[in-house]
Structures are given as structure tokens and as C-alpha cells.
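**Student:** Sharing a structure below in C-alpha cells format, with a few things to ask.
The values are calculated or read from the model by the stated rules, or taken from the named source; none is laboratory data. If you're wondering where the values come from, they're calculated on a predicted model, not measured in any experiment. Virtual Cβ from ideal backbone geometry, glycine too; neighbours counted across all protein chains shown.
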Amino acid sequence: MSRLGDLGARLYRGEVGYDFVGKRKFWYALSILITIAAIAGLAVRGLNMGIEFKGGAVFNTPKTSISVAAAQDHAEEASGHDAIVQKLGNGGLRIQVTELNTAQADKVQAQLAQDLDIPQEKINADLVGPSWGKQIANKAWTGLGIFMILVVIYLAIAFEWRMAVAALIALIHDLTITVGVYALVGFEVTPGTVIGLLTILGYSLYDTVVVFDSLKEGSKDITKQTRFTYSEVANRSINSTLVRSINTTVVALLPVAGLLFIGGGVLGAGMLNDISLSLFVGLAAGAYSSIFIATPLVADLKEREPSIRALKKRVLAKRKAAAAKGEAPDYSDEGPGEPRGSEPDDGEPAERDIPPAAAVAGPRSHGGRGRGRPSGKRR
Amino acid sequence: MAAPQKGRRQTGAPGKPGRTLILFLIAMIALVGGMFGAGELTPRLGIDLAGGTTITLKAKSSPGQANAVNETNMNTAVGIIERRVNGLGVQEAEVQTQGSDNIIVNIPKGTNSQQAREQVGTTAQLYFRPVLTLGPGDPSTQQPPPDASPAPSADSSKSPSPSGSDKDGDKPDKESADPPAAEAPSASETTQGRALTEDLKADATPTPSGSDKPEPSASPSASEPATPPADPATEKLQADFAALDCTNEKARGALGDNAKSGQPTLACGENDGVWEKYILGPAEVGGKDVDDANATINQQTGQWIVQMDFTGGGSKKFQAITSKLSQQQAPQNQFAIVLDGEVVSAPSVRQTLSANAEISGNFTQESAQDLGNILSYGALPLTFREETVTTVTAALGGEQLHAGLIAGAIGLALVIIYLVLYYRGLALIAIVSLLASAVMTYAIMTLLGPGIGFALNLPAVCGAIVAIGITADSFIVYFERIRDEIREGRTLRPAVERAWPRARRTILVSDFVSFLAAAVLFTVTVGKVQGFAFTLGLTTLLDVVVVFFFTKPIMTLVARTKFFSSGGSWSGLDPKRLGAKPPLRRSPRRLSAPIDPKEA
């Protein structure tokens, strides 16, 4: 905690920081790469849709003493697809197998009859239509579309349209990656998966909104000063909310990881895997995109605005002038309250001498003032 | 850049934390008490975890519609049944096709499966048909109306079902006193129900004045069915009508099966426990023409009624039929609302109606809501027969739920460990808040089981586990704000108050986005996804409630304690560790220069 808390303090003051915005091209490239991989996986391998989407066959057996688990093993072996087995009120079994057509169903029926030692004609086979899953999926898509439109409108009102656009791109990015992972891993897509995916909607945006909120606050009167460019302020916002982002993500991921690795892995619960995997990937992608994609995108969009561009010019000119005078560029006009380098309980020089690349002018320079600079407050 | 003066106006008032907390606790105790009071101690589980009932329906191909059982119609039927059984959308019932002509409906345990079966299986087709002839349902008590002249049959219908319910009883008197008394004789037998216009202002012609009368009576469509020409089909209908015994359930069932929408048909209807039989004309308006229907209480009579809104086309058709019928003599001024061959209600028409109408009858709340459901979710394109009804065990089984719960517990433990390591003393507040949130979520979910049929399925369990993280997020946002304020050099009490307005805004904005997602999904989707969206929305709302009415007041109170305000190393708020600018412990208005004016 001491280390982390201290890091938090220094991030907060901007003494340390990573130049997320400055290095955005790298992260964009990385994201594009991952997205391409996801789309390729989707195109090549496709999604492994569950019985609810693809339909399949249902076998009903008469009263039998065979256990559900044994029947499931037999059915999966006979068909090569996932099977769901339920016990019926009359003592019989209902075995649902994904993705079978009539001919395959006949074969599986024969095999099952043999394995379960039940006369074949007593096993009733029927094909199940995909309508249920299709309907759910179609409506989920509709819901997704409407949600995206509404959320863009909302964010455009609450923040501004650039942030809304950036948040939307980040959201689509998260969903693509998650779906791509599904395609690559080959997990079965069930309505549970769709649900997991839909959870990401709100969650991915939650993180993004937290950063944007800070950015909105930080860039309120940005054109009235000449010390920082918008990108620098944006970067500062990311850094000052970094601890928060990390903490919220860790705290959200821990229970999901519990579901995925302990619930799914150790205890072998199939459906939990489906849901928690999509959640795990989606949440991680959501945290990543809120930091590396959404905010840099906003900065990119913002820097196109004339007033912001003019600001950048002014800032750079001023820095140049200051540099010419041989002064430290950023602090020349600093008020007395600047809390530069107050790390009381740990002054590791190594930490402090962050190479310029990592502690770029932006994040480091506005130390303590990103948000309500202390000098101002205690005037 | 961030305006320096910005922070100043955002000093939140401490308020009355104690009172808020007590209110919150009372609400929580009320919820938990309600849970015990209702005798429901666990949430109702969905079909994947608890099993339930499976109903298999087989589509019947009625004569003359051999091709009706096709994929499109089956899928439409699935959609309609899905909406019907899921009602509010939190029941988690599953509906899917099986084979080419079966639909299986899985209903979770604990649902009123009898009611569900009725909604699913027995309701099929809805028509509005004009009444041609009306008679008592039991042939033995009846003087046959062989000549089909309307008058005797109308009389005979009156005798077995005298004045109907008393609530209706006072109405006819008033009506008969009305100027458009042309159909006064019919008024007394409209005990079945009555269609009244809602929009009197619109094109409804409220009083068919006497002068209108003669002209429409000559209209062929009206007179033709009333005095049927002696063609064989009609004679057969008459003969069948005479022989029909509506008290016989089998006979009634056969009627529904044979009815064709385009031709006159026989039908039975129950009125105050007495069966009546009808000859009905071809269907004029179908169930598809109804846009929406709701059960409400008629303020005047205190009876349950069903209000209908028609679609554009339906409204025109309905206007046409009512304008025609309003010119008729009893009983031909009635139209019958026929559901699966059975007359639900046969209101008489006194005026032209258009966009909406209401059905009154001897409804209970439940039957009115059922009918409203059926009308608004449309009539099935096919008729179905219930093939089998059987119970099924859970598809996933208890071990999945166990695995999920164990995993959830482990996840929660990990979250707590992380919070304690990172936030130390503050974690205590987070944990207590999480617990409060968990208790409320559990109690509300449990109460919603019997309340609106809410059923918890495995995805929802996962959602609830994930909600741990989402709820913890709000605390983290707040705690980090407090710590930022402390870093600015404030002492704890002002820090807690100053951090709140900003944290509050962030929490509200982000929770709004989550809630928006939930609301959209709930509105748009069906079945499982809808149930999940409900869970998501619920936990989001509870998150806001808990943070506002529990965490914040607790934080305010805690800030007054020595343990936290002294900033001990275990409080999680140690200014030194947080890297607050040093000399400021007691004075937020630090004036001194930075101790370590680091270069750049």
C-alpha cells in the first residue's frame, strides 16, 4: 500500500505518468492489430453457436435408471456436440444435442439406444428449432443498436460529441475483441454469452465515463491558459484517474476471475465459463480501451478544433520562448503553491528520475493543478 | 485548464448523516422483514437451475388451411407465446420449436403453471363477429328458433339470463331512457358486456338519430344474415344451432375447431354461469387488428374491464362493423368477441365506435389481465393442442449453482482482501456497504419472485456476482476522491464533504449509462436477456441508493471518529502515506511554500 499509495499520490500530482496520449499511435496500432485478429478469427473459425441458436435434436427416453451424467457422456460421445440432459417427470431423460440435422439425429439416436440399452424405437427424436436463440439474439442486436444511439446522444449532451464518438468506438472495439476471443477459443455461444456481452456495454462505458468526467473537469477553461495543450490535459486526466481505473478494474475482474478459473476451471461448470469468459475479456478490454483508446481519441478529435489548435500553438511558442531563456519550461509562471516533488516517505531517486519519455511534459508538468490547482484554491 | 477556483463552490454540506442512515436501515429491515413475512426466503430459481414444467404444443392444421403450419407461422407463434408466458419479462420461460409442428414451452418451477398453460395452450384465435342469432345454451330448455326470426330468439335469450349482474342491471334503465331508444329492447340482454367508445370527440357518431334508422336497415349486409335465405348451408347451420348443447364441453370444443373466419359459425358463450349459443357472422375484425389491450377497473362500476386500442386498419374495420351493427335490432346489434370459438363477450352496439373500445363482463382481475395479455400480444396464427405436460429437472443442475456461488464467494473474498490491502480501514466501509447492497439485492429478488414472477437463472447469478465489482466501483470513485482531497492537504472531515459532490457526479453519470443499457435491453428484448437486464437495472439502482444513503452518511460519521480522522496508518487515510503536502495536517489553507522545490 505504501508503494501503491505513493504511486497514486505521484500520479495524482503528475510527477509520474505515462504518456498515453503521446504514444497513442502505438496503442491504436496495437488495437487495430487485435481487432484484425479478432475479425480474422471470426471469419475463419466462426462462432460456435449453442443449441439455442443453431437448433439441434432432442431425444426423449422412456423411464430409465441411467444417470444424467452418464447419459450426457454417451450423448456427447455419440454426437460430438455438447449435450444437455434433463430428467423428466416420468423418469425418462431428455437429451438435447446441439447442431444435428435429421440424418445425424438418426445416427445419434441409434448410438444412444445402444449405449443406454434402450430399444431405439422407444427413444423419441425431434429436431429443435433455433427460433428461441435467434429471437433473443435479434432482439439483443436491436437493443444494442438502440442503446448505442441513446448513449451517444447522452454522452454528447453530458460531455460533448467527440467524447461520445470516442466512447462508441472504444465500445465497439471492446465488443469486437470479446467476440473475437470467443471465435478463437471456440467456446460455445449461449444466451448466457450474449448476456455477458451485454454486461460489457454498461461496464466498458463506466470506466470511460469516469476518465471523461475527469477530462471534462480538467479541460474546462483550457483556452484561458497557455501552459498545457489539450492532449497534455487529457493525458493528465488519464493518469490522475489511473489508480481509480486500475482499482475498479481489479475489483470487477476478481469475482469474474473467480467464476472463470475457480467456478469454471476447477469445478468444471460449463455455462459459468461461457458467461465469465466473455465478461473477463470484455472487462479487461473495456479498461484498456478507456485508457489507451477512448481518451487519446478524444484528444485527437479535439486537436482538430481551431481554438484547441491555436492553444497548442500558443503553448508551444511560450515553451520555446522559455527554453530560449534557459528556464525550465513549465514552471516559469508557477505560483508558490506548486507541490513539486513532495514525496515525504520515499524519495527513491530512481523513481524520481523518470526518463523524459515516460514523464513527458504534459503529465508531469501540471502537477497538482490538473484539478483545481492548489495555488488557486488557497489563494 | 481546470479553473483554480473551481473547487470552492463544491463544498458539500454534511447534512444529517445519522437520520439518513436510520432511514436506510429501516428500509432495509422492512425489506428483510417483508421477506420473512411473505415466507419467501430464497429467490425463485429459473428453469436452468430449478427445473420446471415442459409443455409440448402441437400445431393443428385446420381444414382448408393445410399449409398454415409452416416455419413462418410457427416462429410467429413462438414469439407470441414467449411474450405471453413471460408477461412482465422476468419469468425466464423458454419457448422453442421442436420438429416441424411442435412448440415446447419450459416454465420454471414455482410459476403458476396452470395459468401459464391456459395462456399458452388454449388461447389461439380472436375474432370479432356480428351476432346473427342468440339462444340459451341448453337445447332442452329452449324453444327452438327454427324460423330464425330475430325477435323470438332475442326473447328466448332473455329469459334464461335475466338481468345479469346487478352492476349492469342499473345501466339498461338509463339507456332505455335515452333518446336513441331505437334499440332499447336489446339493452336488457347485453349483460355479456358492452362496447363503449373512449373517444367521444372523434368520428364516433354518438347518437344514431332516429332519422338514420330506416336507411341502413335496408342495407343488404344487415338483413341478409338475419333472415337467411334458405340455402342448404344456412339450413344446416340452423339445424346445428338447434341441436347444439353448449353445456357439453366436448360440443363446445368441436365448435372452435371447425370455425372458419370467413363464414358464419356457431359459438357458445358463458354469461353469469349460464351458457348461451350463437350463430355468428363472418369475422369482421381479427386479433391482429388489436394494437394494445389493458385490464383496468371501470371507475363507475368497479368492475374489471379490458380496454383495447386498434391498429389503423383495425380501427377502420371496427368502425365499419359498429356503424353497421348500431343500426340493427337486437340481437343483431351485438358483436361477439370470440376467442377460440368461445364467445368471451357480446356487447351490443349503440353507436359507431372507432379507435378503441372496452370489453366488460364478469372478469376477475386475473381473467381481465389474461384477456388483455392475449389481445395485446396478438392472436396465434395457428391453433395448438397440448400434447404433453411433464416436469423436468434443471438443465444445469445444482452443482452449477454451487460452483457459481463458491466462485462468487471466493471472488468476493478476493475483492475484500484487495480492498483491505489497498484501502485498509476504509475497506471496512466498503465491505459494510457491499453487505448492505447484497442484503437489499437478495431481499428484493426474493420478494419479486412471488411479486412479478422474477426468476433467477444462472446468467443472473453471474450478473449479481459481477455487480459486486460494479458496486465497489462507486466506493472506489468516492474513496479516491477523498484521498485526492487529503493529498490537497485537507483534513478528513472537509475532505469527505468536498469529495462527495464530485464523486457523486461521476457515480451518477456512470450509473446512468449502466442503467440506460439495462433499460433499453429490458424494453427491447425478451426472455432471458430481459430478465438479466432487469437484474442489471436493479443492481445499478441499488448501487446509487446504497452509495447515497448508506456509504456517504457512514463516511461522514466515520470522519468524526478518532481512528480515521487521526489518519493512522491503518485508516487508509494517512496523509503522509497519501503524499499530502506536509505541514498541513490541521490546516487546509497551507500557505507555506513547497518543501522540496524540485527542479523540473
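**Student:** For B:Val524, state whether it is more than 9 Å from chain A (Cβ to nearest Cβ) and of a type in the set (A, V, I, L, M).
**Tutor:** no
**Student:** So is A:Ala284 at pLDDT 85 or above and closer than 18 Å to B:Tyr418 by Cα or not?
**Tutor:** For A:Ala284, the condition - at pLDDT 85 or above and closer than 18 Å to B:Tyr418 by Cα - is met.
**Student:** Related question: Identify, from the list B:Ile482, B:Ile468, the residue that is surrounded by 24 or more Cβ atoms within 10 Å (Cβ to Cβ) and at the interface with another protein chain (Cβ under 7 Å from one of its Cβ atoms).
**Tutor:** The match here is B:Ile468.
**Student:** Could I ask something else about it? For segment B:283-298, give me each residue that is modelled with pLDDT of 80 or more and of a type outside the set (A, V, I, L, M, F, W, C).
**Tutor:** B:Thr296, the sole residue that qualifies.
**Student:** Within segment B:24-48, how many residues turn out to be surrounded by 14 or more Cβ atoms within 10 Å (Cβ to Cβ) and farther than 20 Å from B:Gly451 by Cα?
**Tutor:** 2
**Student:** Further question on the same structure: For B:Asp370, are the conditions met, namely being of a type in the set (D, E, K, R) and at pLDDT 75 or above?
**Tutor:** no
**Student:** Sticking with this one: Take B:Ala460 and decide whether it is within 11 Å of chain A (Cβ to nearest Cβ), under 28 Å from the mean Cα position of the chain (by Cα) and modelled with pLDDT under 80.
**Tutor:** Yes, satisfied.
**Student:** Of all residues in segment B:472-504, which are touching an Asp or Glu at 6+ places or on another chain (Cβ under 6 Å) and under 17 Å from B:Ser433 (Cα atoms)?
**Tutor:** B:Ser474 - this is the single residue of segment B:472-504 that is touching an Asp or Glu at 6+ places or on another chain (Cβ under 6 Å) and under 17 Å from B:Ser433 (Cα atoms).
**Student:** Specify which of the listed residues (A:Leu205, A:Leu201, A:Leu242) is crowded, with 19+ Cβ neighbours inside 10 Å and farther than 30 Å from A:Leu42 by Cα.
**Tutor:** A:Leu242
**Student:** Would you point out which residue out of A:Val209, A:Val194 is closer than 20 Å to A:Ile291 by Cβ, in contact (Cβ under 8 Å) with a residue 12 or more places away in the chain, within 7 Å of chain B (Cβ to nearest Cβ) and of a type outside the set (Lys, Arg)?
**Tutor:** Answer to the check: A:Val209.
**Student:** Look at B:Arg505 and say whether it is within 23 Å of A:Phe212 (Cβ to Cβ) and either charged (D, E, K, R) or assigned to a helix (DSSP H, G or I) (or both).
**Tutor:** Yes; evaluated as a whole, the condition is true for this residue.
**Student:** Read through the list (1) hydrophobic (A, V, I, L, M, F, W, C); (2) assigned to a helix (DSSP H, G or I); (3) at pLDDT 70 or above, then give the number of the only condition that B:Ile359 fails.
**Tutor:** (2)
**Student:** Looking only at segment B:4-44, filter to residues that are polar (S, T, N, Q) and in contact with a Lys or Arg (Cβ under 9 Å, 6 or more places away or on another chain); which one of those is modelled with the highest pLDDT?
**Tutor:** The qualifying residue modelled with the highest pLDDT is B:Thr20.
**Student:** Moving on. Restricting segment A:75-92 to residues that are farther than 15 Å from B:Asn106 by Cα and touching a Lys or Arg at 6+ places or on another chain (Cβ under 7 Å), which is modelled with the lowest pLDDT?
**Tutor:** A:Asn90
**Student:** Given the options A:Ile51, A:Ile95, name the one that is on the phi < 0 side of the Ramachandran plot and under 33 Å from the mean Cα position of the chain (by Cα).
**Tutor:** Going through A:Ile51, A:Ile95 in turn, the sole match is A:Ile51.
**Student:** Looking only at segment A:157-167, decide whether some residue is more than 9 Å from every other protein chain (Cβ to nearest Cβ), under 20 Å from the mean Cα position of the chain (by Cα) and free of Cβ contacts under 8 Å to residues at least 40 places away in the same chain.
**Tutor:** Taking every residue of segment A:157-167 in turn, at least one turns out to be more than 9 Å from every other protein chain (Cβ to nearest Cβ), under 20 Å from the mean Cα position of the chain (by Cα) and free of Cβ contacts under 8 Å to residues at least 40 places away in the same chain.
**Student:** Filtering segment A:215-239 down to residues that are at the interface with chain B (Cβ under 8 Å from one of its Cβ atoms) and polar (S, T, N, Q), which residue is nearest to A:Leu283 (Cα to Cα)?
**Tutor:** Among those residues, the one meeting the criterion is A:Ser219.
**Student:** May I ask you to verify whether B:Ala495 is surrounded by 24 or more Cβ atoms within 10 Å (Cβ to Cβ) and either at the interface with chain A (Cβ under 10 Å from one of its Cβ atoms) or assigned to a helix (DSSP H, G or I) (or both)?
**Tutor:** When the stated conditions are applied, B:Ala495 passes them.
**Student:** Any idea which residue in segment A:142-154 is nearest to the other protein chains (Cβ to nearest Cβ), counting only those that are over 18 Å from the mean Cα position of the chain (by Cα) and either under 17 Å from B:Ser510 (Cβ atoms) or touching a residue at least 40 places away in the same chain (Cβ under 8 Å) (or both)?
**Tutor:** If we take residues in segment A:142-154 being over 18 Å from the mean Cα position of the chain (by Cα) and either under 17 Å from B:Ser510 (Cβ atoms) or touching a residue at least 40 places away in the same chain (Cβ under 8 Å) (or both), then A:Gly143 is nearest to the other protein chains (Cβ to nearest Cβ).
**Student:** To continue, here is another question. With the structure loaded, tell me whether A:Thr176 is touching a residue at least 24 places away in the same chain (Cβ under 8 Å), closer than 30 Å to B:Leu401 by Cα and either away from chain B (no Cβ under 13 Å) or crowded, with 24+ Cβ neighbours inside 10 Å (or both) or whether it fails that test.
**Tutor:** Against the criterion (touching a residue at least 24 places away in the same chain (Cβ under 8 Å), closer than 30 Å to B:Leu401 by Cα and either away from chain B (no Cβ under 13 Å) or crowded, with 24+ Cβ neighbours inside 10 Å (or both)), A:Thr176 qualifies.
**Student:** Does segment B:449-464 contain any residue that is crowded, with 24+ Cβ neighbours inside 10 Å, more than 23 Å from B:Gly411 (Cα to Cα), touching a residue at least 60 places away in the same chain (Cβ under 8 Å) and touching a strand residue (DSSP E or B) at 6+ places or on another chain (Cβ under 7 Å)?
**Tutor:** yes
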